[in-house]
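Any read-out appearing in this document is the output of simple, stated calculations on the displayed coordinates, not a laboratory observation. Worth saying up front: this structure is predicted, and the values here are computed from it rather than measured. Using ideal geometry, Cβ is built from the backbone for each residue, glycine included, and neighbour counts are taken over all protein chains shown.
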Amino acid sequence: MKLSARPLAAVLPLLLAACQYQHYQSDFGKGAVEDTQFLTLFTIFIVVCAVMYLLVIGFLFAAILRRGRIEANVVESGRHHESHPLMQSTLIGWAALIGVGLAALAVASFVTDRSMAKAATNEKLSITLTGNQWWWDIVYNSADASKTLRTANELHLPLGVPTRIILKSNDVIHSFWVPSLAGKQDLIPGRENDITIVPKRTGIYRGQCAEYCGTQHAHMSLVVVVDSYPDFIKWWGHQLQPAPAPASPLALAGFKYVTSGPCSSCHNIGGTQASGQVAPDLTHLASRKSIAAGTLPMSEGNLYGWVEDPQSLKPGVKMPTIGLPPDRLHAVVAYLETLR
Amino acid sequence: MSSPSRVSLLVLGAAALALAACNREEHHSRAKPIGETVPAGESPDTIFPGSSTAPPLDPRAALYDNNVNAISQGQQLFMQMNCVGCHSHGGGGMGPPLMDDEWRYGGRIDQIATTIAEGRPNGMPSWRGKLTEDQIWDLAAYVRSLSGLPSKDAVASRSESMSAGTPQTLTPHAEMNNSDAVPQ
């Protein structure tokens, strides 16, 4: 008895956690209009196909049970017209049913496709999402250059606003897939794709690169936060601010190293000399929920681990292991934590 | 055991040994040893082309020279760090061309790494402290490949980035000529 309860005790917390995060990364999340439309279409397809499948199986079993009892009027015998009238009308009905079923699927597919395309013409916000090995570069486009925002790996979307996401890639093919909202759509080097999303439920969702893109494909995920409109505007305004000046001496030492040392060759920190353009923007790193495209949750301990030896946590990642001595590591992490 | 099967066993054994010796694909995701240094050379203030005799080959050169991963990582860095801004894609511009046979400060991989780390007169900046030592070695490995110096099985037959150029496997092999480095 004790033995049989043990696996249950181990699985139960997992099941409960699954309930809590049931819409975190799920095709049934209904987090956006697109996802809901797609789910409806999918349901129609499943129902129509299931009915037809069951009918075919039913007829098949009936035929097996009746075998030998009735002489079959096969086409080759040339006596097809002698079939029982009931059989004839059943066959005509069957053909009609197939026609109706296929037509229903075509109509449902067309209607869904058109209504998704209609949302795309009604764009209110434009975001450029660029795939890199193995992280997401995010730019909020604005006609006003001072409102253009660059961030990485965490996408914020306003509730109910049709948002067009332009998809590009810097190296290989990636694929944008946030199951709870929409997708998939490929990011292809040298081309521009796009997808339009109208979020309809606030929350935090997980996106995932859905096209194998190299060693760390599994660690190329995207946190998507759907905010209410006022929250979104507040977030945007905050993200536009340059990085705050470090207050403590330790953070100041870190600031000096980060903005002049090897970090600055690749990373950008708004308002400082660090202006590299080939790695995730760090201006508000500590306000994000994850490190290294969803590889680790954001925390002081994980920052220490990541800065000291990224190659052990995400082997093959383009960020090199520098091998910082402890005092410098303390300073760098202290500075990164001020980037809220 | 019949002699044909003995011969085939020998061939298999030899093939296994040959494969084991093949390190062109070796990939050290963490630079080893951590904290390694590019050989320090003369700084741009004191150096003249060809003014110094070549030091003995650095033992770390073997880790990066003719290494597939080092060359392809170096290729990405060559674009990302804007080497193309001055050297173009090897043809040169403000900076000297890198695809010809002339090496003012030596064409060995450790000499190139020193050149990148220390900087050189008339505009080549010092990258020491801006890139890691490992990245500087990678860059040096790629720079050598621009003039076809590494073996053909180590260079990529397609570029890591969007490029319509000729694949590197077709880069003509240029001799490594330090002759213009004779003291004037």
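Rg then Dmax, both in Å and based on the Cα atoms of the range A:240-327: 12.7, 35.
Per-residue shielding of A:165-172, expressed as the average number of other chain Cβ atoms within 10 Å of the residue Cβ, stands at 1. Across peptide A:290-302, the average count of Cβ atoms from other chains found within 10 Å of a residue's Cβ is 0.
Jot down the per residue volume, in cubic angstrom and as a whole number, of the convex hull over the alpha-carbon atoms of the protein assembly as shown. Numbers along the way, then the final one.
Working: hull volume 174.1 nm³, N = 524.
Per residue, the Cα convex hull of the protein assembly as shown comes to 332 Å³.
Peptides A:315-322, A:131-138, A:183-190, A:231-238 ordered by packing proxy, namely the average of other Cβ atoms within 10 Å per residue, highest first: A:131-138, A:315-322, A:183-190, A:231-238. Neighbour counting of Cβ atoms within 10 Å sorts the residues B:Lys130, A:Lys314, A:Lys124, fewest neighbours leading, into A:Lys124, B:Lys130, A:Lys314. Projecting the Cα atoms of A:Gly93, A:Leu65, A:Gly183 onto the charge dipole of chain A, computed from C-beta unit charges around the Cα centre, puts A:Leu65 farthest toward the positive end.
For A:Lys30, which lysines qualify as cross-link partners when the Cα separation must be under 17 Å and same-chain residues fewer than eight apart are set aside? A:Lys30 reaches A:Lys184, A:Lys200.
Cα centroids of the range B:82-134 and the range A:290-338: 30 Å apart.
For the residues of A:318-325, the average number of beta carbons from a partner chain within 10 Å of their own beta carbon is 5.
Averaging 1/r over every pair of different alpha carbons in the range A:125-240 and inverting the result gives a Kirkwood radius of 14.2 Å.
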